[in-house]
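Notes follow the structure.
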Amino acid sequence: MIQEHFNLRPYNTFGIEVFAKRFAAFSSIEELSHFLQHRDGDELLFLGGGSNVLFTQNFDGFVLRNEIHGIEKVEETDDHVLIKAGAGEVWHDFVLYCVENDFGGIENLSLIPGSVGASPMQNIGAYGVEIKDVFVSLEAYHIESGEVHTFDKDACEFGYRESVFKRKLKNQYVIVSVTYRLSKKHTINSSYGAIENELKVMGVDFPTIKDISKAVIAIRSSKLPNPAEIGNAGSFFKNPVVEKEVLENIQLNYENVPNYPAPNGKVKLAAGWLIDQAGWKGKTFDTYGVHKLQALVLVNYSDTEGSKIFDLSTEIIQDIYQKFGVELEREVNIY
Ligand code: EPU
């Protein structure tokens, strides 16, 4: 059913009230293709979990929400399983399904908001794991031709929070399912400091994937606001990748600036650290601001207009550039 003047507030984790000219939810490729026949020249916007978007104004077009469900095992050997999941599945529910069934590989990605379809779109990552590590292929609906195409890992051109679907093929495809290779004999990835500490607190010496998932849930819940309580879209900015000289300049004043090696001799800095050092952490402007416990997350406490949060992000970008000579890039999609 196509609905008009539709309030998108329940469909974006920032909880911003804006209206779409038209809205429909689809649970199959047939439904999707049916709705697209009624596009009438409208601009399209596909939403999954709505956890990586900031609306700054009403959307004068057709919003289509992906609700394609289903999880199936497509192959199994002694060592691994291939699991195909519908793009509309809630990501964390899918992680829990895998952990419960003792399929390993994505336990470090517990509690990331969003849907299965968004996982390859921006190559989600946390605590030393990225989706590309377990990715096999995806199926995507080509909007113009109505054909379903299969993309393997190379074709997705994964990068840090990047894929071909955010670049060259932007707005051309709708991801309908994703297939992951998960282990039955596990490689536990607990090297990330915060996980090691949490496992100690839990009193666990030889962690299972269930323990890792529990540890990650505990860490994320302690630092990141729950969108059901405080509107937010996770990390608002990407961690910037800069030339070594930029790091060296910052080190003149801050010896302990966190930094991580990046490809081509560059270094990745922690945007959260930069924003924190610049004094923004916890800053609140009546109904919105910078989260108190993680400076990378902008929050909507109640009824804020998205444009105010966008303006705050612009101020932060300018301030960080002035103070550190580093240009932050937004991770969240702005509409
Ligand atoms: N830091 C501060 N102050 C802050 C936040 C961070 O000083 O307010 C410092 C930390 O002490 C640490 C460094 O910055 O030295 C990095 O912080 P952290 O390990 O918490 O991770 P992050 O770089 O802030 C990234 C991802 C998160 C992911 C975590 C854990 C991005 C943009 N963000 O955050 O992903 O959960 O690592 O792996 O890459 C998301 O994308 O929505 C997200 C939450």
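Residues of region 250-259 that are loosely packed, with under 10 Cβ neighbours inside 10 Å and either within 13 Å of the ligand (Cβ to nearest atom) or assigned to a loop (DSSP other than H, G, I, E, B) (or both): GLU255, ASN256.
Evaluate the following for PHE206: is it buried (at least 20 other Cβ atoms within 10 Å of the Cβ), more than 12 Å from the ligand (Cβ to nearest atom) and in a loop (DSSP other than H, G, I, E, B)? Taking the combined requirement at face value, the residue does not satisfy it. Being more than 22 Å from ASP93 (Cβ to Cβ), near the ligand (Cβ under 10 Å from one of its atoms) and modelled with pLDDT of 95 or more is a description that applies to LYS238.
Taken over region 130-172, the criterion of being part of a strand (DSSP E or B) and either in contact with a Gly (Cβ under 7 Å, 6 or more places away or on another chain) or within 16 Å of the ligand (Cβ to nearest atom) (or both) is satisfied by GLU130, GLY159, GLU162.
Somewhere in region 267-277, is a residue within 24 Å of LEU8 (Cβ to Cβ) and part of a loop (DSSP other than H, G, I, E, B)? So far as region 267-277 goes, no, none of its residues is within 24 Å of LEU8 (Cβ to Cβ) and part of a loop (DSSP other than H, G, I, E, B). Quick check on LYS184: is it surrounded by fewer than 19 Cβ atoms within 10 Å (Cβ to Cβ) and within 22 Å of GLY70 (Cβ to Cβ)? Yes, satisfied. Taken as a whole, region 193-214 holds no residue that is within 20 Å of GLN122 (Cβ to Cβ) and not assigned by TED's automatic domain parsing to the domain that holds ILE143.
GLN318 falls short on exactly one of the conditions (1) more than 9 Å from the ligand (Cβ to nearest atom); (2) outside any helix (DSSP H, G or I); (3) surrounded by fewer than 15 Cβ atoms within 10 Å (Cβ to Cβ); (4) of a type outside the set (Ser, Thr, Tyr), and that condition is (2).
Among the candidates GLU245, GLU255, the residue that is in the same structural domain as ILE316 (by TED's automatic domain parsing), under 15 Å from GLY325 (Cβ atoms) and either charged (D, E, K, R) or without any contact (Cβ under 8 Å) to a residue 60 or more places away in the chain (or both) is uniquely GLU245.
The set of residues in region 90-129 being more than 11 Å from the ligand (Cβ to nearest atom), under 22 Å from PHE46 (Cβ atoms) and in a loop (DSSP other than H, G, I, E, B) consists of VAL116, GLY117.
When each of THR56, THR77 is tested for being hydroxyl-bearing (Ser, Thr, Tyr), surrounded by fewer than 19 Cβ atoms within 10 Å (Cβ to Cβ) and within 21 Å of ARG330 (Cβ to Cβ), the lone residue that passes is THR56. Every condition in (1) of a type in the set (A, V, I, L, M); (2) part of a loop (DSSP other than H, G, I, E, B); (3) over 22 Å from the mean Cα position of the chain (by Cα) is met by ALA228 except one, and the failing one is (3). Among the residues making up region 191-201, a single one is within 26 Å of HIS80 (Cα to Cα), within 13 Å of the ligand (Cβ to nearest atom) and either touching a helix residue (DSSP H, G or I) at 6+ places or on another chain (Cβ under 7 Å) or aliphatic (A, V, I, L, M) (or both): ILE195. Look through ALA233, ALA262 and report the one residue that is in contact with a strand residue (DSSP E or B) (Cβ under 7 Å, 6 or more places away or on another chain), within 8 Å of the ligand (Cβ to nearest atom) and either at pLDDT 95 or above or farther than 16 Å from GLY325 by Cα (or both). Unique residue meeting the criteria: ALA233.
Considering LEU247, LEU269, the condition of being within 11 Å of the ligand (Cβ to nearest atom), crowded, with 16+ Cβ neighbours inside 10 Å and modelled with pLDDT of 95 or more is satisfied by LEU269 alone.
The condition (being away from the ligand (no atom under 16 Å from the Cβ) and surrounded by 16 or more Cβ atoms within 10 Å (Cβ to Cβ)) is satisfied by just one residue among PHE324, PHE310, PHE285: PHE310. TYR97 meets all of the listed conditions (1) in contact (Cβ under 8 Å) with a residue 40 or more places away in the chain; (2) surrounded by fewer than 19 Cβ atoms within 10 Å (Cβ to Cβ) but one, namely (1).
The values are calculated or read from the model by the stated rules, or taken from the named source; none is laboratory data. Just so we're clear, the structure is a prediction, and the values are computed from it rather than from any experiment. Virtual Cβ from ideal backbone geometry, glycine too; neighbours counted across all protein chains shown.
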